[in-house]
1. Take the residues in the range C:44-70 that are free of Cβ contacts under 8 Å to residues at least 60 places away in the same chain and within 11 Å of chain B (Cβ to nearest Cβ), then tell me which one is surrounded by the most Cβ atoms within 10 Å (Cβ to Cβ).
2. Can you pull out the residues in the range C:152-162 that are in a loop (DSSP other than H, G, I, E, B) and either surrounded by 10 or more Cβ atoms within 10 Å (Cβ to Cβ) or not aliphatic (A, V, I, L, M) (or both)?
3. If you take the residues in the range A:334-376 that are small (G, A, S) and either part of a strand (DSSP E or B) or under 26 Å from A:S257 (Cα atoms) (or both), which one is modelled with the lowest pLDDT?
4. Of all residues in the range A:129-152, which are touching a helix residue (DSSP H, G or I) at 6+ places or on another chain (Cβ under 8 Å) and either part of a strand (DSSP E or B) or at the interface with another protein chain (Cβ under 8 Å from one of its Cβ atoms) (or both)?
5. Before we move on, is B:I81 within 13 Å of another protein chain (Cβ to nearest Cβ), modelled with pLDDT of 90 or more and farther than 21 Å from B:D204 by Cβ?
6. Which numbered condition in (1) more than 14 Å from every other protein chain (Cβ to nearest Cβ); (2) within 26 Å of C:A284 (Cα to Cα); (3) aliphatic (A, V, I, L, M) is the only one that C:A255 fails?
7. Which one of C:I181, C:I149, C:I170 is under 24 Å from the mean Cα position of the chain (by Cα), surrounded by fewer than 17 Cβ atoms within 10 Å (Cβ to Cβ) and either within 12 Å of chain B (Cβ to nearest Cβ) or assigned to a helix (DSSP H, G or I) (or both)?
8. Has the range A:73-96 got at least one residue that is out of contact with any Phe, Trp or Tyr (no Cβ under 8 Å at 6 or more places or on another chain), surrounded by fewer than 23 Cβ atoms within 10 Å (Cβ to Cβ), more than 12 Å from chain B (Cβ to nearest Cβ) and closer than 15 Å to B:Y171 by Cβ?
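The values are calculated or read from the model by the stated rules, or taken from the named source; none is laboratory data. Not measured: the values here are computed from a predicted model. Counting neighbours? That spans all protein chains shown, and the Cβs are built from the backbone with ideal geometry, glycine included.
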Amino acid sequence: MATEFVARGADLELVGIRKEFPGFVAIENLDLKIPAGEFFALLGPSGCGKTTTLRLVAGLDSPTKGKILIGNKDVTTDKPHERPVNTVFQNYALFPHMSVLDNVAFGIKQRKVSDPMPKALEALKLVELEHLAQRRPAQLSGGQQQRVALARALVNRPSLLLLDEPLGALDLKLRRQMQVELKAIQMEVGLTFLHVTHDQEEAMDMADTVAVMNKGRIEQMGAPETLYERPKTIFVSKFLGQSNLFVGDVAESNSDSVSINVAGNKITVPTKRAEKTTGKIAIGVRPEKATFHEDQAPTSAAGLNIIGPGEIIDIRFTGVSNQYLIEIPQIGKVTVFAQNVGKSPVTELGAKVWVSWKVEHSFGLSDLPAENGEGK
Amino acid sequence: MSKFSLGKYLLPTYTILAFVFLMIPIAYTFIFSFNDPFKNTTGWQGFTFKNWTGVCNNIDVCLAFGNSLLIATIATIVSTILGTMLAIAVTRYEFKFRSATNLLLFLPLATPEVVMGAGLAAQFLNVGIPKGIGTVIVAHILFTLSFVVVTVKARIATLDPKLEEAGRDLYAPPVQVFAKITLPLLLPGIMAAALLAFALSFDDYIITAFNSGTEVTFPKYVFAAAVRGIPPEANVIGSAVFIFAIALVLVFQISGAMRSKALAKKN
Amino acid sequence: MAQVATRAPRSAAGQPKKSRIVLLLLLPGMIYLGLFFITPFASLITTSLQAPVLGGGIGQYQPGLEFGNYGFVVNEYMEQIVRSFVYATIATLLALAFSYPIAYFIGVRARKHPVLQGLMLTLVIAPFFISFLLRTFAWKELFGQDSWISNLLRDSAILAQDQYLLGTPIVVIFGLTYNFIPFMTLPLYTNLERLDTSLLEAGSDLYAKPTSTFWKVTFPLSLPGITSGTLLTFIPIAGDYVTASRSFLGSPNTAMLGNVIESNYLRIQDYPSASALSVMLMAAIVVLVSIYIRRTGTEDLL
């Protein structure tokens with residue numbers, strides 16, 4: 001086999017990928033380019049097509065249409081064992097009939113690399129498991145199994161490492177720990193990582209670039225901060241964190257800002273943060289960017305969106321913050337997070353409040369919420 | 001609540017009694033393997049080891065036993081190979097007549113032995129093949145095949161397809177994936193299927209009766225002897241086979257239990 | 001114990017693949033079944049329609065379309081045909097009643113003790129390891145004229161002095177039941193072993209008494225096991241001729257379909273009659289099985 005294995009990562013490029021299964025289309029039309037050495041996360045709910053994308057890249061399924069290039073080489077028709085790609089499977093898929101060491105050495109033995117055993121041991125050292133080399137996978141804990149799976153993939157020095165929800169089976173604490181380790185290992189070996197997950201925190205925490213996938217399409221792609229601060233669609237604004245959304249017809253529009261009128265309240269978004277500037281649009285704000293005011297409306301000022309008055313109908317204490325749910329007549333429910341700094345005024349259920357946020361924190365979306373009243 | 005505690009012991013007690021009941025004929029056979037055949041073969045005549053030490057003094061029973069071993073060995077090898085291939089094909093591949101194939105593989109299980117035996121015999125008669133060891137082997141492969149398929153299929157169902165994908169992902173071409181991953185993982189199921197096939201073939205009387213002509217197998221010998229009374233040497237062979245099989249199963253189970261105990265300790 | 005890696009959900013993975021290898025895997029077995037299962041069946045059908053050679057000897061027949069063979073055997077052997085199905089039904093129900101508590105005990109109650117579970121399973125299949133014929137013969141001796149069982153029954157006046165146990169329907173049905181108990185217990189066990197006991201706890205949590213939990217939860221969930229168990233028991237019993245034969249537990253009064261087929265084929269060499277009976281037995285079983293599987297909603301058994 002003339003598969004070339006390089007010690008560093010390679011670009012991954014998907015061109016016009018479409019994948020149909022009997023009865024449904026898993027991926028509609030996917031174009032994606034991941035530069036070498038990047039930690040890339042594909043984020044989406046289950047059934048969005050992210051795992052299918054991964055399997056196409058690994059060669060475990062073949063696309064109905066389109067091309068897959070790794071390091072500018074077309075691998076679309078290559079078999080899985082001919083691709084310089086390795087996968088860390090969701091439930092690890094460790095071979096139960098082999099020792100940990102044999103599991104790790106499997107790939108390099110198949111490729112007839114010299115000295116497979118020392119190399120496998122070294123890979124186990126990297127994940128700090130060399131003392132368990134002779135055990136069977138079933139004798140390891142979940143976290144240890146996960147690390148063996150990682151070592152088994154990394155030892156091959158693939159151009160591209162695919163991670164299929166690799167932390168999904170771990171408990172929260174272990175998961176956080178593994179996230180840190182995974183990121184550290186990626187920095188150390190400098191490979192291209194393609195990480196599939198439904199956990200937004202995990203994706204934002206670890207990835208250089210996140211692509212949010214929904215119904216077989218990529219909704220938005222970018223750095224985690226950009227995605228969070230400036231979501232472009234309803235789906236992204238709700239899947240990544242929480243959002244308060246307001247829908248109305250554009251009342252004013254100039255090169256600086258766009259305003260809509262919602263039940264007599266003017267809500268403004270900077271033009272450069274708006275996807276759409278005419279007709280009916282949705283404007284959103286993150287709950288932690290909004291504040292509320294008791295007793296009287298804050299003095300209106302340029303650069304401030306004010307709505308209300310409304311009534312606090314629910315208060316939740318989550319530790320780091322208090323979450324207030326405020327019902328504003330004709331607008332609906334608005335969520336406000338107030339940081340728990342220990343000195344916030346004691347606000348009670350039923351209090352009459354106004355909500356405000358800086359215009360620069362608004363974001364204008366390209367689509368509108370579904371009509372079934374799901375929007376908050 | 002006396003009713004509750006009664007319920008608690010009722011089931012274990014019943015189960016123990018049921019096992020005792022199941023063992024009665026086995027115990028009978030074992031005991032009568034030590035029977036000294038003074039005048040006739042029925043009834044207890046006295047205790048002796050002679051039947052065990054000189055089992056082949058009764059040359060007919062030994063020859064019949066040898067035939068049965070030969071037939072069961074060949075039939076098991078062939079039907080295990082064919083059945084494993086079929087089981088993999090119907091569980092792991094998509095093809096046009098898959099449900100029809102599944103039905104065809106199920107049908108032999110739903111066919112009474114007497115029908116299968118008569119059918120094959122009719123076929124051999126029509127084609128003009130003389131009956132003998134060969135026709136018995138052909139018949140035994142046929143009726144054990146579906147049992148092998150069912151057993152191996154059950155094992156494949158517990159096999160995580162991700163393991164094979166992991167093998168492909170780790171640079172193993174299809175043949176290597178099969179040899180290094182699929183086959184070792186299926187092995188317990190295949191072994192169980194082979195044991196089952198062997199036991200079924202070894203013990204079969206009905207299909208054999210229709211297709212063996214004048215060749216005598218162990219069950220055929222016992223059937224013929226049953227009218228007059230079974231000679232103790234036959235009980236010796238039956239008991240020996242029983243002890244051997246039980247020992248084999250127990251060894252498997254104990255080693256399995258010890259392995260899982262070792263696992264539990266290490267954790 | 002740690003999570004074992006082999007319990008992955010079957011999502012996009014594990015979909016059957018298409019490949020030409022499948023032909024290589026299928027062909028040998030299929031050719032074998034074609035040659036030795038399907039064509040013999042065709043042989044059986046053509047043989048069942050054969051006519052005697054005029055002036056020929058015993059066992060000489062020529063190809064024909066004697067549909068009358070079927071009418072003849074139905075008339076001649078109606079008694080044995082009915083008896084086969086009655087005996088098989090009774091023996092299957094008895095085996096079910098006998099096996100269910102054992103299977104439940106091993107599969108559910110003994111779940112926490114895998115070693116004990118394994119030992120008990122071995123006991124269930126132990127009768128398999130000793131010849132079917134030797135087992136049946138042992139019962140023949142135990143029920144024999146001078147056996148202690150017979151004497152006990154005579155002494156307690158359940159059996160008249162001149163009555164025998166051997167050759168009675170009761171003993172034949174007893175023998176049939178005994179011989180096929182493992183075929184019933186094993187599928188029941190396999191099913192009950194997978195029974196989710198939290199469902200039983202949910203049942204009692206929702207105010208069901210143990211008996212109603214059993215009938216409303218356990219029993220319906222074990223139906224697939226009952227179906228395969230009853231099929232695996234009923235079918236071989238319906239065609240058995242060892243237990244009911246005169247050499248073992250039966251008498252002419254207990255002859256079943258299997259005995260008739262055997263004697264027609266191997267003794268009288270009336271091949272057409274034996275074949276016609278076989279074809280009818282097979283047809284009846286196929287019809288019964290398909291109705292039964294449809295009724296119990298266990299088509300996926302196939």
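1. Across the range C:44-70, the extreme among qualifying residues is C:T46.
2. C:S156, C:L159, C:Q161, C:D162
3. Selected residue: A:G375.
4. A:R135, A:R136, A:P137, A:A138, A:Q139, A:L140, A:G142, A:Q144, A:Q145, A:R152
5. no
6. Evaluating C:A255 over (1) more than 14 Å from every other protein chain (Cβ to nearest Cβ); (2) within 26 Å of C:A284 (Cα to Cα); (3) aliphatic (A, V, I, L, M) leaves (1) as the failure.
7. Residue meeting the stated conditions: C:I170.
8. Yes: one or more hits.
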